[in-house]
1. So in the stretch 1014-1030, with the set limited to residues that are under 37 Å from the mean Cα position of the chain (by Cα) and over 15 Å from residue 966 (Cβ atoms), which one is surrounded by the most Cβ atoms within 10 Å (Cβ to Cβ)?
2. Take the conditions outside any strand (DSSP E or B), loosely packed, with under 13 Cβ neighbours inside 10 Å and under 50 Å from the mean Cα position of the chain (by Cα) and apply them to residue 846. Does it pass?
3. From the list 983, 973, 1010, exactly one residue is farther than 19 Å from residue 877 by Cβ, free of Cβ contacts under 8 Å to residues at least 12 places away in the same chain and surrounded by fewer than 19 Cβ atoms within 10 Å (Cβ to Cβ). Which is it?
4. Looking at the stretch 487-522 only, could you name the residues that are touching a residue at least 24 places away in the same chain (Cβ under 8 Å), assigned to a loop (DSSP other than H, G, I, E, B) and either more than 13 Å from residue 546 (Cα to Cα) or under 24 Å from the mean Cα position of the chain (by Cα) (or both)?
5. Can residue 733 be described as surrounded by 15 or more Cβ atoms within 10 Å (Cβ to Cβ) and touching a residue at least 60 places away in the same chain (Cβ under 8 Å)?
6. Would you be able to tell me the number of residues in the stretch 139-187 that are closer than 16 Å to residue 111 by Cβ and in a loop (DSSP other than H, G, I, E, B)?
7. Where in the stretch 890-963 are the strands (runs of 3 or more DSSP E), entirely inside, with at least 2 residues that are surrounded by fewer than 16 Cβ atoms within 10 Å (Cβ to Cβ)?
8. Determine if the stretch 474-489 includes at least one residue that is modelled with pLDDT under 90, under 28 Å from residue 408 (Cα atoms) and surrounded by fewer than 24 Cβ atoms within 10 Å (Cβ to Cβ).
């Protein structure tokens, strides 16, 4: 195949130094445009110039087929990968045979080509010859325009063309992004014409000026005249001006002068795009010898008679006729021998090429020959391979050349032609795939049956056929797979069918476990046949299934695997699906800022790459985002978009989705009657006999929530019981959790306490297991109410403790309201029990108290410093200080009384204690709840404590972070250890209780904290050294010496680091300052180790001590 992209060989060409110099001067310009009339030497110039460079060259001679961006991309991608096969290139980012039905828009190929060219491992030149073949309106032209517009650091692009392309030349030239050689530049000057006619066919000097005048330096004219001199030895009867329009006239004269055998050879081989010496001898009867063919072609090449050698392989080179000469020869063939001879030669060449396994070249011959039987044979033989490799458009191009009667009579032609337009075809595709399936079954073609069923499932899912239709095809597919279970035939078709069955179960029917299982089996089979595209597609479908079930853990793992198969962010299908998965994650975890960004990305991909099948799902996700963020008008507007889309598509399924969105929006807004009306509309569209069960039950679930909020408890209970059973079987975990919680509330209101607790516990157990923190189908009121009720009913505190993070996400006002309403409806005995169990929930409403003891004593509620004047004197604060100093928990009140009133009698001490304890509580909690009372300070059985859930002390956190950092350091996790050290050090704002320096009982603790602080500074500095963070290490040692100017360790390490960093003078100055300081303040000298470090620094600087 690489012959197709090899640089042509031109023997004995004139070295055009004038033009070479211009090209060398623009060697750094990415785009070189060479324009000139036919046979003006464009290819000869480019090839002879590039031959002198060391840059690898890919030479593409463009044809009309290259106007199709798919074929052009394949040519460029294949050529680059073949030429640079030993180099590191990015994997292709295009899905082969993608199941998602993406419309193959040119922009996604622009993106893939840009990735490939941006990551070239070495300099590369790409030559686009015959660029005039490109239609400016074609997608192929758009692909090339993107190459020209973008900048690729290691690419140079040569564009050779007869006509000036409609590029924005002004802008490209202004940006120095293109250099142009035009027809006048290419014209031979007199000196070059003299060089051309020197040698064996030398022309008398007096004739050169005349030749220059009549040709205007046209290279083709010089070649014709050179050949005329060889044959006729004169140049009479030549007009005053010779140009490309007179090419046929002179070609005919030269052609007629050739021997009959050579003329016959030329006219018969003109039908070939490439003259292959393995093919040519077999085209003649009797077969000619390849040696004769080679000698003819070599002689023509030597005489520069419009032929190019395109392969430098000396054993069997290949050749190509100049397009102008090729057209002349074919016209002569048809004129002299007729169309039938032209077709006969093409048919003969096609069969030879097919036997040589060059099926694409064979197909081109068969198309020119109208050889339908041969064309169909190739399509059937190669069609499946083209599906696997994603070349469906090429199949479609071939099939378009056949009559509709021929296509309709053959199941494979029906199948391939339908597959090429399987997204745009809509309902028509279903009929065509069914027609193909019927013929395959009649012929007993198992492979065709498997593939037809697979794509019928896909088509049914994408156009939202009723569930019974999808299940019908799934059942049929599973039955065929069962019959083939013991056979190893058709592995690719079986794997694809399994993948499509998975899609049908997940996106069409809602049976997620079966869908995931089918995809898993498809992946296993695809691995056995080493089909990465199929593995990727099945993995994407399975990931979508995990998201739908709420199994986010497995979904994340699958996304990691997918990212290893294809570069994340490069493949539009992958990026779009990942956005859907991430949007689901974000919505179901209430991460709405992330959702907004993901929706923007997804919208851009859908519009840019024509991901039509994702549009309805995207609109639904955007509508849900608006609902969950309280933008109800915008949500209803999105629902209207879906309704309009449904009308345009003629598919009422989306009318049901639209109605359900409106119902949810009205439900969240509290407009319950309108919400129920929309539920009724949705249920009409989601009747399980017409549509998918999953959407029917999702709508019933939402309807039951609305009924509950409307007070219609029995109706809501009946609906939810049936819905719950479906979600259990279908493994919709998140919906199952939501239904359990709502059902628990309803049953409690209906006085069925035992079953209420049963469902609430089941729901919260699964919520905890799935790490669900947001429940889309529950209103905030229902969610908070279910939490409050469960904490009251569930006696196991170890379980309810796990739910406190979920409680903490509740709106405080709503949580407080629900607690008050709940307690207000209980009898006294039940209320006391409820207060005890709901205390952990209530405490979440309270601001957290932080006591600051390292430095100035302060208090902060939710990080807001408290004004000490609110404590009504010093004694309440002194009481709090005493409690902290004595250990915080279970401190006997007698100890506190003795600390504050050591000389008071017991009665007076007790009275003072009660008064100041009340003042302290009042200052911390001015408006305690009437049910729960004061919370921060607890007094029980004469013991006083601070509530650990509400109160934190900086000194305790300081010790905790220090210990954690020490453990991480031992494990070699230096980065996390540094983070904890920084947190601990930031808390140390001074000595422990620095305002109470004369309290002797604090001296030992104060010294302990001070010593630990200095130890942590040393540890931090040394960790920075371990991680080669020298600037940070120096800064930390300086910080330590600011705290302790007499630190021997600080001085020693700082001198060493400063010297290692090249600042010896700073190290010497540091020591001199340190020596003076300790002499002045401490009356001593630095110790021996410090002096030894200093002497080492001095020696390295060449100074004496």
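1. Restricting to residues being under 37 Å from the mean Cα position of the chain (by Cα) and over 15 Å from residue 966 (Cβ atoms), the top hit is 1024.
2. No, not satisfied.
3. 973
4. 489, 490, listed by residue number.
5. When the stated conditions are applied, residue 733 passes them.
6. Total meeting the criteria: 3.
7. Correct list: 937-940.
8. Yes, some residue in the stretch 474-489 is modelled with pLDDT under 90, under 28 Å from residue 408 (Cα atoms) and surrounded by fewer than 24 Cβ atoms within 10 Å (Cβ to Cβ).
The values are calculated or read from the model by the stated rules, or taken from the named source; none is laboratory data. Since the structure is predicted, the reported quantities are computational estimates derived from the model, not experimental observations. All Cβ positions, even for glycine, are placed from backbone atoms using ideal geometry, and neighbour counts span all protein chains on display.
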